[in-house]
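Novice: Mind looking over this structure? Questions follow.
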Amino acid sequence: MATVLIIDDEEMIRSLAEKILERDSHIVFTAATSSEAIALFKENSDEIDLLIVDMVLDEMNGFEILSELRKIKSDIPGIISSGNSYNENDIPVDINQNIFFLQKPYRANNLTEMVNSLLTLS
């Protein structure tokens, strides 16, 4: 069991991912905006084990928010997620830095498998 912060501006995606991960015995925090995510993370960074960040947010993109949150907790693993199509060179996925990419729409088993795999790496 781990604690995950989901940052996504779409309520339906946040709610669905939250239900999927809670069913897999994880504790889940959610945020709809960059500023909400930063405030929530500052208050709970000791508890949060993993970030799932939408690529397109209000004030920052997924990599910017991940970078900002890593200033608080440098080793936190992250999953960047997007419904937009990207060429693999556009997404700087880095296994050594625990950054992975998950294409939306994703299936429940894809989400839980990636979360659990990433948690075992950290």
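Novice: All but one of (1) in contact with a strand residue (DSSP E or B) (Cβ under 9 Å, 6 or more places away or on another chain); (2) without any contact (Cβ under 8 Å) to a residue 12 or more places away in the chain; (3) of a type in the set (D, E, K, R) hold for Asp9; which doesn't?
Specialist: (2)
Novice: If you don't mind, there's one more thing I want to ask. Could you list, in sequence order, the residues of region 22-34 that are surrounded by 14 or more Cβ atoms within 10 Å (Cβ to Cβ), free of Cβ contacts under 8 Å to residues at least 40 places away in the same chain and not aliphatic (A, V, I, L, M)?
Specialist: Passing the criteria: Phe29, Thr30, Thr33, Ser34.
Novice: Looking only at region 1-31, which residues are aliphatic (A, V, I, L, M) and in a strand (DSSP E or B)?
Specialist: Passing the criteria: Val4, Leu5, Ile6, Ile7, Ile27, Val28, Ala31.
Novice: Those residues that are out of contact with any Asp or Glu (no Cβ under 8 Å at 6 or more places or on another chain) and closer than 25 Å to Pro105 by Cβ, I need them from region 54-70; list them, please.
Specialist: Selection gives Met55, Glu59, Asn61, Phe63, Glu64, Ile65, Leu66, Leu69.
Novice: Quick one: what pairs do we get from region 43-64, first residue closer than 14 Å to Ser81 by Cα, second loosely packed, with under 13 Cβ neighbours inside 10 Å and of a type outside the set (Ser, Thr, Tyr), C-beta under 8 Å, 6+ apart or different chains?
Specialist: Qualifying pairs under 8 Å: Met55/Asn84; Val56/Asn84; Phe63/Pro92.
Novice: Can Asp24 be described as in contact with a Gly (Cβ under 9 Å, 6 or more places away or on another chain) and acidic (Asp, Glu)?
Specialist: Numbers: in contact with a Gly (Cβ under 9 Å, 6 or more places away or on another chain): no; acidic (Asp, Glu): yes.
No: the conditions fail for Asp24.
Novice: Still on this structure, I have one more. Looking at (1) closer than 21 Å to Met1 by Cα; (2) modelled with pLDDT of 95 or more, can you tell me which one Leu119 breaks?
Specialist: The failed condition is (2).
Novice: Return the residues of region 75-116 that are at pLDDT 90 or above and assigned to a helix (DSSP H, G or I); say none if nothing qualifies.
Specialist: Matches in region 75-116: Ala108, Asn109, Asn110, Leu111, Thr112, Glu113, Met114, Val115, Asn116.
Novice: Can you tell me which residues in region 36-67 are surrounded by fewer than 16 Cβ atoms within 10 Å (Cβ to Cβ) and either modelled with pLDDT under 95 or assigned to a loop (DSSP other than H, G, I, E, B) (or both)?
Specialist: Of everything in region 36-67, those that are surrounded by fewer than 16 Cβ atoms within 10 Å (Cβ to Cβ) and either modelled with pLDDT under 95 or assigned to a loop (DSSP other than H, G, I, E, B) (or both) turn out to be Ser45, Asp46, Glu47, Val56, Asp58, Glu59, Phe63, Glu64, Ser67.
The values are calculated or read from the model by the stated rules, or taken from the named source; none is laboratory data. Please read these numbers as outputs of a predicted model, since none were measured by experiment. FYI the Cβ positions are ideal-geometry reconstructions off the backbone, even for glycines, and counts take in every protein chain you see.
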